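Student: Below is one structure. I have some questions about it.
The values are calculated or read from the model by the stated rules, or taken from the named source; none is laboratory data. Worth saying up front: this structure is predicted, and the values here are computed from it rather than measured. Glycine also receives a Cβ, built like all others from the backbone with ideal geometry; neighbour counts cover every protein chain displayed. These area figures cover heavy atoms from the full protein model, side chains too; ligands, DNA and RNA do not enter into them. Shrake-Rupley method; radii C 1.70, N 1.55, O 1.52, S 1.80 Å.
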Amino acid sequence: LAPATGDQTARIQAALDEVAALPVQANGYRGTLQLAAGTWEVLGTIRLRAHGVVLAGVGDRDDPASNTILRRTGTSQTAIIQAGNRNDSYRGEIASTRSLITTPRVTVGARSFEVDRSELYRVGDAVIVFHPSTQPWLDAVNRGGVTNDDYWRPGEIDLRYHRYITAIAGNTLTIDAPVFNHLDRALSQSYVYKYDGAHLLRNLGIEKLQVDIITKGELTEEHAEDAITFTGAEDSWIRDCTMKHFWHAGVQWEGSTRCTAERCRAIEPHSIVTGSRRYNFSMYHAQLILVQDCFADRARHAYVCNGTSLDSGIVFLNCISDRAL
């Protein structure tokens with residue numbers, strides 16, 4: 001698609017929807033919409049809303065002659081690009097699929113454990129490993145050092161791990177990624193249930209473009225909160241992109257699992273400098289996310305996990321934070 005004058009949101013969306021109507025290929029993708037070099041006015045939100053859709057430009061730098069620049073003007077707070085659907089915080093329990101974990105103590109890093117009803121599951125099933133925040137467990141971990149008696153009461157912040165079953169042998173389930181907390185049956189009875197992930201979208205990609213949010217100044221907030229969000233996405237990725245002048249996040253993952261950001265820059269946030277702002281690369285209810293070879297500047301929390309017990313398995317590898325606040 002070549003650039004044109006005026007707001008291009010509807011035009012880009014229509015082209016993306018054409019890609020979304022293509023059949024899914026053997027590799028899990030339908031196809032790619034490539035935006036040619038130039039400046040694209042985007043006053044609304046571009047949505048990747050089907051499995052296997054990729055949005056690509058030709059470069060993420062400042063020269064529109066050789067790069068794809070999505071420019072947002074106005075006071076809308078919505079993201080410029082949203083990949084995915086919705087965030088259910090890994091709550092979608094399928095009825096009558098719950099099974100108690102009977103292994104006395106599943107240690108950090110373990111991928112296998114016994115359950116009392118293995119017949120409920122098949123290899124490939126999406127499951128949630130659930131660890132209740134009981135009073136004995138909270139006492140054992142000293143409530144993580146929290147001293148306010150009104151915070152973190154039993155059942156208030158539980159642990160959930162979104163996983164897939166890779167093997168079943170008798171009563172033993174093996175999952176695709178480890179647990180990151182000891183599951184000690186003497187302190188808390190953990191269990192597994194099948195996860196209804198029908199809302200999740202897979203194989204979404206964004207690459208080689210810049211999002212430039214036009215603002216009224218560095219300390220203003222009358223503009224887009226986030227540049228790009230992945231919401232309810234799996235096995236999805238962003239690479240070689242630059243996000244500028246957001247007030248909250250350059251890229252945020254919400255309710256998303258097994259995703260990657262590579263060679264991206266989240267730079268020059270525009271906001272007041274206080275809480276809940278300038279989270280350049282942000283996780284919120286996200287698991288098993290790799291952020292690699294990325295750059296952030298002027299952040300309060302450049303690389304942040306802000307979803308309490310629902311963020312885990314996050315890796316920030318070979319990244320830079322410059323001029324952090």
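Student: Assigning unit charges at the beta carbon (Lys, Arg +1; Asp, Glu -1) and nothing else, what dipole magnitude in debye, to the nearest 20, does the range 157-229 show about its Cα centre?
Tutor: 600 debye
Student: Something else: Roughly what angle does helix 9-20 make with the longest principal axis of the chain, taking Cα atoms, 0 to 90 degrees, to the nearest 10?
Tutor: Here the helix axis deviates by roughly 50 degrees.
Student: Name the residue farthest towards the positive end of the dipole of the range 1-111 from the options 3, 84, 74, assuming +1 on Cβ of Lys and Arg, -1 on Cβ of Asp and Glu, about the Cα centre.
Tutor: 84
Student: Further, regarding this structure: Quickly rank 86-97, 162-173, 263-274, 230-241 as a protection proxy: mean count of other C-beta atoms within 10 Å, highest first.
Tutor: 230-241, 263-274, 162-173, 86-97
Student: Would the range 35-86 count as rounded, prolate or oblate if I go by the C-alpha gyration tensor, calling it rounded below 1.5 in a/c and otherwise prolate when a/b exceeds b/c, oblate otherwise?
Tutor: Oblate, because a/c is 1.5 or more while a/b does not exceed b/c.
Student: Rounded to the nearest percent, how much of the accessible area of the chain (1.4 Å probe, protein heavy atoms only) is carbon and sulfur?
Tutor: The value for the chain is 49 percent carbon and sulfur by accessible area.
Student: Over the range 1-108, give the accessible area per residue in Å² for a 1.4 Å probe, as an integer.
Tutor: Dividing the accessible area of the range 1-108 by its residue count gives 47 Å².
Student: What residues qualify as long-range amide H neighbours of residue 44, i.e. H under 5 Å apart, gap of 5 or more or another chain, H built at 1.01 Å from N?
Tutor: 9
Student: Here's a follow-up. With the cut-off at 1.5 for a/c, could you classify the range 4-92 from its C-alpha gyration tensor as rounded, prolate or oblate?
Tutor: oblate
Student: Another one. What percent antiparallel are the DSSP beta bridges of the chain, to the nearest 5?
Tutor: That works out to approximately 25 percent antiparallel.
Student: Would you work out which of 110, 241, 288 lies farthest towards the positive end of the dipole of the chain, given +1 charges on the beta-carbon of Lys and Arg and -1 on that of Asp and Glu, about the Cα centre?
Tutor: 110
Student: Mean residue ellipticity at 222 nm from the helices of the chain, using -39,500 (n - 2.57) per DSSP H segment of n ≥ 4 over the full residue count, to the nearest 500 deg cm²/dmol?
Tutor: The helix-only estimate for the chain comes to -1500 deg cm²/dmol at 222 nm.
Student: Please report, in debye to the nearest 20, how large the charge dipole of the range 62-184 is about its Cα centre when each Lys and Arg carries +1 at its beta carbon and each Asp and Glu carries -1 there.
Tutor: 240 debye
Student: Still on this structure: What does the C-alpha gyration tensor say about the overall shape of the range 113-225? Classify as rounded when a/c is under 1.5, otherwise prolate if a/b is larger than b/c, or oblate.
Tutor: Note, shape of the range 113-225 comes out oblate.
Student: Over the range 237-325, average the accessible area per residue using a 1.4 Å probe and give it in Å², no decimals.
Tutor: Ligands and nucleic acids excluded, the result is 35 Å² per residue.
Student: Now for a different question. What is the dipole size for the chain, taken about its Cα centre, with +1 at each Lys and Arg Cβ and -1 at each Asp and Glu Cβ, in debye to the nearest 20?
Tutor: Around 300 debye, computed over the chain.
Student: Moving to a separate point now. What's the extension gain from residue 75 to residue 147 if we count 0.36 nm per residue and subtract their Cα-Cα distance?
Tutor: Computed gain between residue 75 and residue 147 is 21.9 nm.
Student: What order do you get for 193-201, 145-153, 309-317, 245-253 when each peptide is scored by the mean count of other beta carbon atoms within 10 Å, highest first?
Tutor: 245-253, 193-201, 309-317, 145-153
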